[in-house]
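The values are calculated or read from the model by the stated rules, or taken from the named source; none is laboratory data. Please read these numbers as outputs of a predicted model, since none were measured by experiment. When we count neighbours, we look across all protein chains shown, and the Cβ atoms used for this are built from the backbone with ideal geometry, even at glycine. Accessible surface areas use protein heavy atoms only, side chains included; no ligands, DNA or RNA. Shrake-Rupley method; radii C 1.70, N 1.55, O 1.52, S 1.80 Å.
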Number of protein chains: 2
Amino acid sequence: MKNTIKFYSLILIFLFTLVSSKQETKTENNSAVKIEAQEKDPLPSWNDTNTKNNILAYVKDVTNSESNNFIPVKDRIATFDNDGNLWSEQPVYFQLFFVLDRIKEMASEHPEWKDQQPFKAVLEDDMETIKKSGMKGIGQLLMTTHAGNTTEEFNAIVKDWIAAAKHPTKNVGYDKLVYQPMLELLQYLRANDFKTYVVSGGGVDFMRAFVTEIYGIPEEQIIGSRIKTEFDYNNGNPVIRRLAELDFIDDKEGKPLNIQKIIGKKPVFSSGNSDGDLQMMQWTASNKYKSFMLYVHHTDSVREWAYDRESHIGKLDKGLDQANKEGWTVIDMKNDWKVIYPFELVNNQ
Amino acid sequence: MKNTIKFYSLILIFLFTLVSSKQETKTENNSAVKIEAQEKDPLPSWNDTNTKNNILAYVKDVTNSESNNFIPVKDRIATFDNDGNLWSEQPVYFQLFFVLDRIKEMASEHPEWKDQQPFKAVLEDDMETIKKSGMKGIGQLLMTTHAGNTTEEFNAIVKDWIAAAKHPTKNVGYDKLVYQPMLELLQYLRANDFKTYVVSGGGVDFMRAFVTEIYGIPEEQIIGSRIKTEFDYNNGNPVIRRLAELDFIDDKEGKPLNIQKIIGKKPVFSSGNSDGDLQMMQWTASNKYKSFMLYVHHTDSVREWAYDRESHIGKLDKGLDQANKEGWTVIDMKNDWKVIYPFELVNNQ
């Protein structure tokens, strides 16, 4: 029981995540477009600052077969955190909005929820009571919405949600709130034969339902937190059922552990935005090849959100200290990025 | 404790595996060679039987964009069991030979093992007593040899072992005992844009230490059983330490579960040789795309080994029944394969 509560509390802190923006990155097969883009500026939404120059210089160096720092293609593993790194994560992880929306949708089959916490609070949009329900309450909401179905059913539910849901203050779909500069970076790395992965505290099956299209990253390169599952032969129509029990939390030390379990190679390039990414950065920094550690620092209170050391979500404190100490590259979102979201491109260019 | 013993017993049954033969399959980048091979017979070590024809007909059908059975490249996931499917597994899983050899190597640092079972039995080549030590004894041997080191150290240990060890009756390195026809099949599938995976009950880190080269399958496409690990920042020289506790058994229902966890897509092509692969086959057979299920039946007592329903290793009983019932393709090793091992090619061609 104690363990269950600990799990729930870990869940709350990490398990929520997502992705966004339908227009970009289905370009893996589109070599002509890619080559043309390469000849132009591969990172057009980045200002010409040290951050951009560091990235370009690194990629040029390690892909140059004449360089002492050359990295063979098979070892060009690049891992990206998701929440706050590839898409926004405020005011709460977007996966939590999915939980709340889903509870409301399920409520018609659960009339008892009208009088039962923490469900009652969700139905009444009473965020204070939800918060007060603590890890146990939120864990209950999470398992109610994530377990008890098959992998196919859950996939369809998330797809329906992302197609319709809107961010409460930005008033666009959550999948529109991805970072245009990071989409360009992912594409630039792939054009240079890096294999790009998402390594997120968010739920892996939640992400897989829509991340592939947006980021151009296939399902098998999405790594995240997950719940336990069971196989049911189901009289010849086999299904995998999702159980109300955590299997793995892909955060903090869980990130390098899961990278080793699933990829089996140390990344040469890692990107994150919080202390939850620090161990992944440390692991990457220990690569025998020249490696690149990239932190996103949320400094833009106007176009996005500004937060770091004191934030309840995406806290960046120890990570920022180590980045400064080790000379890792830190993106100053306000000054390094011309635009934040893809939909701003229409106005800017 | 009961659980620990259950784990150990599961271990014994499944956790041992490997791979072999250094010459083949580093061909992923060698398009010219590949195309030329394609124009010739892509499966030269297979006799012209129904088995071979079924495979060729399937691949031609699902890769033909005019066919109703066309499968998009991103969904061409092919999963292969390892022991008894890509390399031999008799008289015991080759990973068990690693365990025994390793105990002998470690013995100089453990003088107490001379009088302590099950170590004493290993040092005295007393297989009967090893067997009698049961799941608990063998589990102890397994954890002694697989845990207590870092991922890098373990990788180096396995590499050293495979470079020197010899099979007790075949008198060649274990890595020479891979199946030439299966190497050709892997390559043929990759030439047709299938993504080939190993999905084995064997230890994933054990396999990764040498499988990549032999099968032409990168580390991130090797899936297997694994023990738990922990991250240690280690004063700026981070390591991942291997712990004496099972994390996941990649066998029976564990195979589809792990495929879903790690790949996130249902395979369209699966190949195995025992009842431990049956759930993977069933999962594959339920693909919305036309799928192919391939069982290796060990029928060649002269060139390899002959065993099936009664074998203590690689038991094929329920799987054979279902294959026959559903019309899955079953390789009759004796009649379908011109050669078994790559080293026979020199004599045959």
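Shown are B:Leu243, A:Leu100, whose ranking by accessible area with a 1.4 Å probe and every protein chain present, most to least, is B:Leu243, A:Leu100.
State the extension gain, in nm to one decimal, for the chain segment bounded by B:Val172 and B:Ala147, taking 0.36 nm per residue of separation less the distance between their alpha-carbons. Kindly include the intermediate steps, with their values, before the conclusion.
Values: separation 25, 0.36 × 25 = 9.00 nm, distance 2.75 nm.
Fully extending the segment from B:Val172 to B:Ala147 adds 6.2 nm.
Normalised by the number of residues in the stretch A:97-234, the average gap of Cα pairs under 8 Å and 6 or more apart makes the relative contact order 17 percent. Rounded to the nearest angstrom and listed largest first, the equivalent-ellipsoid semi-axes of the stretch A:169-212 from its Cα gyration tensor are 21, 16, 8.
Distance between the pseudo-spin-label points of A:Lys104 and A:Lys318 (7 Å out from Cα toward the beta carbon): 3.7 nm. Summarising the strand pairing of the protein assembly as shown, around 35 percent of its internal DSSP beta bridges are antiparallel.
For the pair B:Leu345 and A:Asp160, a Förster radius of 45 Å applied to the C-beta separation gives a FRET efficiency near 0.25, rounded to the nearest 0.05. Measuring between alpha carbons in the structure, the pairs from B:Lys228/B:Lys255; A:Lys52/B:Lys74; A:Lys195/A:Lys228 lying more than 24 angstrom apart are A:Lys52/B:Lys74; A:Lys195/A:Lys228.
Using the alpha carbons alone, the radius of gyration of the stretch A:114-162 stands to its Kirkwood radius in an Rg to Rh ratio of 1.05.
Cα-based radius of gyration for the protein assembly as shown, normalised by 2.2 N^0.38 Å, reads 0.98.
Estimated from helical segments only, the mean residue ellipticity of chain A at 222 nm is -11500 deg cm²/dmol, where each DSSP H run of four or more residues counts as -39500 (n - 2.57).
Just the Cα atoms of the stretch B:150-268, one point each, no solvent: what log10 I(q)/I(0) does Debye give at q = 0.12, 0.19, 0.20 Å⁻¹? So the normalised log intensities work out to -0.54, -1.19, -1.26. Taking all protein chains together and a 1.4 Å probe, the residues B:Thr169, A:Thr49 rank B:Thr169, A:Thr49 from largest to smallest accessible area.
Across every pair of non-identical alpha carbons in the stretch A:218-349, the mean reciprocal distance, once inverted, gives a Kirkwood radius of 17.3 Å. Set against the 2.2 N^0.38 Å expectation for a compact globular protein, the stretch A:122-196 has a Cα radius of gyration ratio of 1.54.
Under the criterion of Cα pairs below 8 Å and six or more residues apart, the relative contact order for chain B equals 25 percent.
Fraction of C-alpha pairs exceeding 15 angstrom in the stretch A:208-273: 67 percent, rounded to a whole number. Once all protein chains are placed together, B:Leu123 keeps about 60 Å² accessible to a 1.4 angstrom probe. Span-like helix criteria (full DSSP H runs; alpha carbon extent of at least 15 Å along the helix axis; mean Kyte-Doolittle hydropathy of at least 0.0) are satisfied in chain A by A:2-14, A:94-106, A:134-146, A:151-164, A:180-191. Rg and Dmax over the alpha-carbon atoms of chain A stand at 20.3, 69 Å.
So who's got an amide H within less than 5 Å of the one on B:Phe269, skipping anything under 5 residues away but keeping other chains? H placed 1.01 Å off N, in plane. HN-HN under 5 Å from B:Phe269: B:Ile77, B:Thr79, B:Phe292.
The alpha carbons of the stretch B:62-129 occupy a box of 69, 23, 14 Å along the principal axes, longest dimension given first.
For the stretch B:226-347, the relative contact order is 17 percent, taking Cα pairs closer than 8 Å that sit 6 or more residues apart in sequence and dividing their mean separation by the residue count. Taking a cut-off of 20 Å, what percent of all Cα-Cα pairs in the stretch A:49-162 are separated by more than that? Of all Cα-Cα distances in the stretch A:49-162, 59 percent exceed 20 Å.
Sorted into 10 angstrom bins from 0, the C-alpha pair distances of the stretch A:247-319 split as 21, 45, 26, 8, 0 percent. Estimated at the nearest 10 Å², the accessible area of A:Lys176 is 70 Å² with a 1.4 Å probe. A 1.4 Å probe over all protein chains sorts B:Tyr215, B:Tyr307 by accessible area into B:Tyr307, B:Tyr215, starting with the largest.
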